[in-house]
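Colleague: Next up is a structure, given as structure tokens.
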């Protein structure tokens, strides 16, 4: 029975190869290939400066400086929320109704450390997370925060503390590129397709990405093509195979450039058999026969050609 199945599958395979490009199965493989996926941090900074107050006149013509309670000052990546601001400063005190100043990230950035620019008074603010590591003139540096939000509150020494600006030094988690799935295509040629998540590659450096394949000691290169994507948005790189190499491991090395312009690589290995193993007998019989035929075809063709070459 098995021999009949192989012969039937071989016929189906030959028909598929002659008839045009035929995907092994609609959609992409759910197979997640092992890769050296990891993450790294980008670093940057942002300064938020407090607004200056406006002036108004009372009925006696006296100038009165206004203050802003519950003020939110937005930067590009962070927001500074204070209980009290006037004259271009926010204030903290050591009374029971302590004023606070909270710095919060607007996205996934993490606060590494902050510099608080003091305007007046000799008190020292306390911080909800981190450590006051340095006072350099009017610059108070708080380190070891490592969170997306931090609050300054209260103070020691003088009654008040006022600050005109805060510089936030942040780090941002960035996903490194990784191989995600693979698929197989039949047509005038056979190809094992590798997909990679390149969301961590800067947009202006995507076109420089490519994958170098190595099969049985022979190398080939697949350049980045923005039109080759799957439903998940991963980019595809195709490795052409012949009858013999269908049973061989395919080593795929992705070359890409990071934010610093440095070339980086990640490598994974797969083969047709690994991909085909995701199918099972629950698939439709004609498809299952074809899958098994492809698997057997590659194996026996390699055995035959190897034996034939050895005898010659």
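Colleague: Would you check if residue 302 is modelled with pLDDT of 95 or more, in the same structural domain as residue 183 (by TED's automatic domain parsing) and either more than 21 Å from the chain's Cα centre (by Cα) or in a helix (DSSP H, G or I) (or both)?
Modeller: Considered against the rule, which asks whether it is modelled with pLDDT of 95 or more, in the same structural domain as residue 183 (by TED's automatic domain parsing) and either more than 21 Å from the chain's Cα centre (by Cα) or in a helix (DSSP H, G or I) (or both), residue 302 comes out as no.
Colleague: So, in region 225-241, exactly how many residues are buried (at least 20 other Cβ atoms within 10 Å of the Cβ) and under 24 Å from the mean Cα position of the chain (by Cα)? I'd like the intermediate steps shown before the answer.
Modeller: Restricting attention to region 225-241, the residues satisfying the condition of being buried (at least 20 other Cβ atoms within 10 Å of the Cβ) are 234-237, 239, 241.
From what's left, under 24 Å from the mean Cα position of the chain (by Cα): 234-237.
Residues flagged as buried (at least 20 other Cβ atoms within 10 Å of the Cβ) and under 24 Å from the mean Cα position of the chain (by Cα) within region 225-241 amount to 4.
Colleague: Go through region 78-116 and report how many residues are free of Cβ contacts under 8 Å to residues at least 40 places away in the same chain, more than 20 Å from residue 160 (Cβ to Cβ) and surrounded by 15 or more Cβ atoms within 10 Å (Cβ to Cβ).
Modeller: The number of residues fulfilling the criteria is 1.
Colleague: Which pairs do you get when a residue that is free of Cβ contacts under 8 Å to residues at least 40 places away in the same chain, found in region 155-175, comes within reach of a residue that is crowded, with 16+ Cβ neighbours inside 10 Å and in a loop (DSSP other than H, G, I, E, B), reach meaning Cβ atoms under 8 angstrom, with the pair 6+ apart or on two chains?
Modeller: From residues that are free of Cβ contacts under 8 Å to residues at least 40 places away in the same chain, the pairs are 157/123; 158/121; 158/123.
Colleague: Filter region 168-212 down to the residues that are over 30 Å from residue 129 (Cβ atoms) and under 10 Å from the mean Cα position of the chain (by Cα) and list them by number.
Modeller: Matches in region 168-212: 177, 178, 197, 198, 201.
Colleague: Sticking with this one: Restricting attention to region 225-244, which residues are more than 11 Å from residue 191 (Cβ to Cβ) and either in a strand (DSSP E or B) or touching a residue at least 24 places away in the same chain (Cβ under 8 Å) (or both)?
Modeller: Within region 225-244, 229, 230, 231, 232, 233, 234, 235, 243, 244 meet the criteria.
The values are calculated or read from the model by the stated rules, or taken from the named source; none is laboratory data. Since we're looking at a predicted model, the values are computed, not measured. So basically every Cβ, Gly included, is an ideal-geometry build from the backbone, and we count neighbours across all protein chains shown.
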